[in-house]
Amino acid sequence: MKSKNLSENILKIIKSNGYKYIDLDTVIDTNLILERSGESFKRFIFSFNDQLGNELCLRPDLTIASCVRYLNNNKKTSEKIFYSGQAFRKGLNKKDSVIRNQIGFEILGSFTEKKDDKKIIETSLKALSKIKYNSGNLVIGNIEIFRLLLDKLDCPARWKLRLQRHFWREKYFNDLLKRLETNSDIDPTIVEIDKKKYSKMINGNQKKEVAGRSIEEILLRFDTKIKDPRRTKKGSNVVKILKEYLKIECPINQASKKLNLFFKKNKINLRVQNDYFPITKNKINKLNVRFNSSFGRHLEYYTGLVFKIDIKSNSEKLNIRGGRYDSLIKDLGFKKNIPAVGAAINLEKK
């Protein structure tokens, strides 16, 4: 089936499931992207300045463009939407295309989490109904489980935030684990020197600035570290638990059992019910369905369910990526979290 006809058929299927078609802006404010993804993300986008000096960029992701629209329209109610178009983003691999043709569908203002998560996956599966394929995989993960696990571990609060924030940056995350495990970046001599500086600074002018920060701010940060220090033995145990968790991978119908055995073994007061995941069958059509605890690290804005579908077809290269992103709209400037879940279909001709 030709890609154009396939795209049209997929759009019809999505529309028939109650989603409303919308148009998205091709150009968005660069600051909206960088404020939540950091300056380092700039190397992946195509940015330019308008005649007034404002920095704009081609949309690197249709989901972000959709959430910007929701934000600008000051929406407060739930809406089921879908769209199609191109996203413009540089990849780490120079061979990757910088123009990505996508079809996306979302539930913004998703206040019935489990029901809507299931709806998004069901819509994704229906989108495959017009494609002839031999086999494929549906991988499901959940970022929320990682966050809940992290909250239960005996680890300084600032380190919990750090690990959660950088979970999607796998290499840096692993570097953080190494530091937490060994305390190799802490020099006891320097710590003692800093304590003496602390004692001296606490009696001085705390409004004075040093390297762009007030002495009051520096003292507060140091005080937090002193009261909640890293300890090698505890850090080593935390890292051991996290590494073990991130290796959990199994058929989806075994996921809750595997997770609960892991929690019990490590004396962690958590439990996952059988109905926690939107799908519990190991096989749907020609797709093998599996749980992977480390999946979901490719995009930083996911907060709960994450999934991907890859199929093997003779004529089409298709993958679907999706998940829940309850904090994205707030990160882009809204005053509170707006729960949301969605998926993007990437379709390329072989």
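The values are calculated or read from the model by the stated rules, or taken from the named source; none is laboratory data. A quick note: this is a predicted structure, and the numbers were derived from the prediction, not measured. Backbone-built Cβ (ideal geometry, glycine too); neighbour counts: all protein chains shown.
Among the candidates Phe105, Phe146, the residue that is of a type outside the set (S, T, N, Q) and more than 20 Å from Tyr276 (Cβ to Cβ) is uniquely Phe105.
Just so you know, in the range 161-211 the residues that are more than 21 Å from Leu299 (Cβ to Cβ), among the basic types (Lys, Arg) and at pLDDT 85 or above include one that is surrounded by the most Cβ atoms within 10 Å (Cβ to Cβ), and it is Arg179.
Taking the listed residues Lys76, Lys114, the one that is in a helix (DSSP H, G or I) and not aliphatic (A, V, I, L, M) is Lys114, with no other qualifying.
In the range 114-164, the residue that is nearest to the chain's Cα centre (by Cα) out of those that are over 16 Å from Ser313 (Cα atoms) and among the small types (Gly, Ala, Ser) is Gly141.
Given Ser129, Ser84, Ser110, which one is of a type in the set (Gly, Ala, Ser), touching a helix residue (DSSP H, G or I) at 6+ places or on another chain (Cβ under 8 Å) and modelled with pLDDT under 90?
On the way: Ser84 fails: modelled with pLDDT under 90; Ser110 fails: modelled with pLDDT under 90.
After ruling out the rest, the residue left standing is Ser129.
Considering the conditions (1) on the phi < 0 side of the Ramachandran plot; (2) in contact with a helix residue (DSSP H, G or I) (Cβ under 9 Å, 6 or more places away or on another chain), Asn285 is excluded by exactly one of them, (1). Scanning the range 136-158 for residues that are at pLDDT 90 or above and part of a helix (DSSP H, G or I) turns up Ile143, Glu144, Ile145, Phe146, Arg147, Leu148, Leu149, Leu150, Asp151, Lys152.
Looking at Ser40, Ser97, Ser47, Ser78 in this structure, which one is within 23 Å of Ile121 (Cβ to Cβ) and of a type in the set (Ser, Thr, Tyr)? First the steps, then the outcome.
Working: Ser40 fails: within 23 Å of Ile121 (Cβ to Cβ); Ser97 fails: within 23 Å of Ile121 (Cβ to Cβ); Ser47 fails: within 23 Å of Ile121 (Cβ to Cβ).
After ruling out the rest, the residue left standing is Ser78.
Consider the range 5-41 and keep the residues that are part of a loop (DSSP other than H, G, I, E, B) and among the acidic types (Asp, Glu). The one that is surrounded by the most Cβ atoms within 10 Å (Cβ to Cβ) is Asp25.
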